[in-house]
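Shown next, in structure tokens, is the structure this report addresses.
Rule-based calculations on the coordinates, nothing more; no lab input. Keep in mind the model is a prediction, meaning the values are calculated, not measured. Note that each Cβ is placed from the backbone with ideal geometry, even for glycine, and that neighbours are counted across all protein chains shown.
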Amino acid sequence: MIAIRDLGFSYGEIPVLKNITMTLEEGRIYGLLGENGVGKTTLLTLLCGLKAAKAGSINTDGHNPFDRDPSFLSDQYYLSDEVAAMNMTALDYAKSYGHFWEKFDMDKFIEIMGIFENDPGKKMSKMSFGQLKKTYIAFALACNTRYLFMDEPTNGLDIPSKAQFRKAMTKYTREDSVILISTHQVRDLENIIDPIIILDRQDILLNASLEEISEKLYFDYSTVKIDNALYCEMIPGGNIQVTLNTESKDSKVNLEALFNTVHQHKELIKGIFSK
Amino acid sequence: MEFNSNKSIYLQICDAIYEHILSGELGPDSRIPSVREYGAEIGVNPNTVMRSYEKLTNEGVIYNKRGIGYFISRNAQAIVLQTMRDDFMNNELPQIIRKMELLGISFEDFYQQTHATASESSPQSL
């Protein structure tokens, strides 16, 4: 479990995160959503110990990530948005760097590379951006870590790879792992990320499971206009409308509509979801 | 597996399993994939599949053998038939009736059409 308390961070005079308090539980794949520049990457780098908190604390099962205790580091992986095109084959990269992660599994790396139709014998510097990204995703999953942080992992992936990525996230992750994925491509990760965290300038607007979201909000996909809808967007064949779920009806959560609803009704949403 | 309906994903997973039970593809005591296997197959978060399996367990459609997996109950077909019939009567039929009213289709038209379709598809009429 990762317990974040009153976390604050700023770049010089510019505050990025302020008073962030939330808990990340094991066995979940959290989706971190937020507009450009709200601090998603900053939050990920704080969680993996690349940056030190300016205020508050991060407690990862008793560790402060910034202490960078080697045994702790070998049980976490951070996949950044930008990945390095090393002058070696993917296989050689896995052979040499896999050692840093105690539970690194070479067979799993080869298997996932196969699923992505990525050649492990190819030099990383000769790979396309998408191929390189897939190599790092395969490596990240093969590390078998308890904590996995991914920054925009589906950026640059072609269409078939996105589906393979979703399947791999279920098949190749540990049951006891804490996974946090930041993304703008909510459609790429639909059905995979749950709970959903929405980060706004310096603040967490929402941290809730899809079950909780669909208990409290109702997503209507009909052609009939609803008067007191919190959000309405026209789509081919009707509207997506979001209302409070006062009658405990079931509906499918649409992540884009959710994101926009939360942004238009920040205080209301925070009120509804705070227990 | 395509998720186009407006039902939440965990209910769509239940519907898919219901249909496999009704079609006989999943017979009594046959094993269904683990939460993780099924999640990986259809690209869905394991917790979502877990929620579907919990619902099916509560309904008596599947049962859990600890450490072995989930299996189809002996009377699953009867339970599913009842559940799906209720769902059709309470949710789908009212929608069909609403649409018939909108399009001005009478029950007489409806009866004739279904009767014609039924005799077309029955081999005796050939």
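Points to keep in mind about this one:
- Fully extended contour minus Cα-Cα distance, from residue B:19 to residue B:112, at 0.36 nm per residue: 30.6 nm
- What the phi angles of region A:118-126 give under the Karplus curve with 6.51, -1.76 and 1.60, with θ = phi - 60°, is a coupling list of 10, 7, x, x, 7, 5, 5, 6, 9 Hz, glycine and proline written as x.
- Longest segment of chain A lacking GluC sites (Glu not before Pro) that sit in a DSSP loop with at most 14 other Cβ atoms within 10 Å: A:176-246
- Under 19 Å from the Cα of residue A:95 - aspartates and glutamates, other chains or at least 8 residues apart: A:75, A:105, A:107, A:111, A:119
- In the protein assembly as shown, a dipole from Cβ-located charges (positive for Lys and Arg, negative for Asp and Glu) runs towards its positive end, and of A:88, B:100, A:24 it is A:88 whose Cα lies farthest in that direction.
- Test item: Cα-centred dipole of the protein assembly as shown, Lys/Arg +1 and Asp/Glu -1 on Cβ, debye: 880
- Partner lysines for residue B:65 [C-alpha distance under 17 Å; skip if fewer than 8 residues away on the same chain]: B:55
- Computed E for residue B:82/residue B:58 - FRET, C-beta separation, R0 22 angstrom, nearest 0.05: 0.90
- Along region A:144-152 the Karplus relation, 6.51 cos²θ - 1.76 cosθ + 1.60 evaluated at θ = phi - 60°, assigns HN-Hα couplings of 6, 8, 6, 10, 9, 10, 10, 9, 6 Hz to successive residues, with x for each Gly and Pro.
- log₁₀ of I(q)/I(0) at q = 0.19 Å⁻¹ - region B:1-46, Debye sum with one point per alpha carbon: -0.65
- Additional length obtainable on full extension of the chain from residue A:66 to residue A:84, 0.36 nm per residue less Cα span: 4.2 nm
- Cα centroid separation - region B:57-88 against region A:195-226, whole Å: 31
- Part-to-part distance (alpha-carbon centres) for region A:252-275 and region A:18-72, which is given in Å: 23
- P(r) tail, the protein assembly as shown: Cα-Cα pairs separated by more than 26 Å, 62% of all pairs.
- Antiparallel %, DSSP beta bridges [both residues in chain A], to 5: 60
- For region B:59-97, chymotrypsin sites (Phe, Trp or Tyr not before Pro) meeting the loop criterion (DSSP other than H, G, I, E, B) and having at most 11 other Cβ atoms within 10 Å: none.
- Across region A:224-240, computed HN-Hα scalar couplings (Karplus, 6.51 cos²θ - 1.76 cosθ + 1.60, θ = phi - 60°) run 8, 5, 9, 5, 9, 5, 6, 8, 9, 9, 7, 10, x, x, x, 9, 9 Hz from first to last residue, x flagging Gly and Pro.
- 22 Å Cα-Cα threshold exceeded, pairs from A:40/A:252; A:134/A:252; A:134/A:167: A:40/A:252; A:134/A:252
- For chain A, modelled as a GNM whose springs connect Cα atoms under 10 angstrom apart, the maximal fluctuation among A:195, A:15, A:65 occurs at A:15.
- The mean sequence distance of close C-alpha pairs (under 8 Å, at least 6 residues apart), as a share of the length of region A:209-273, puts its relative contact order at 35 percent.
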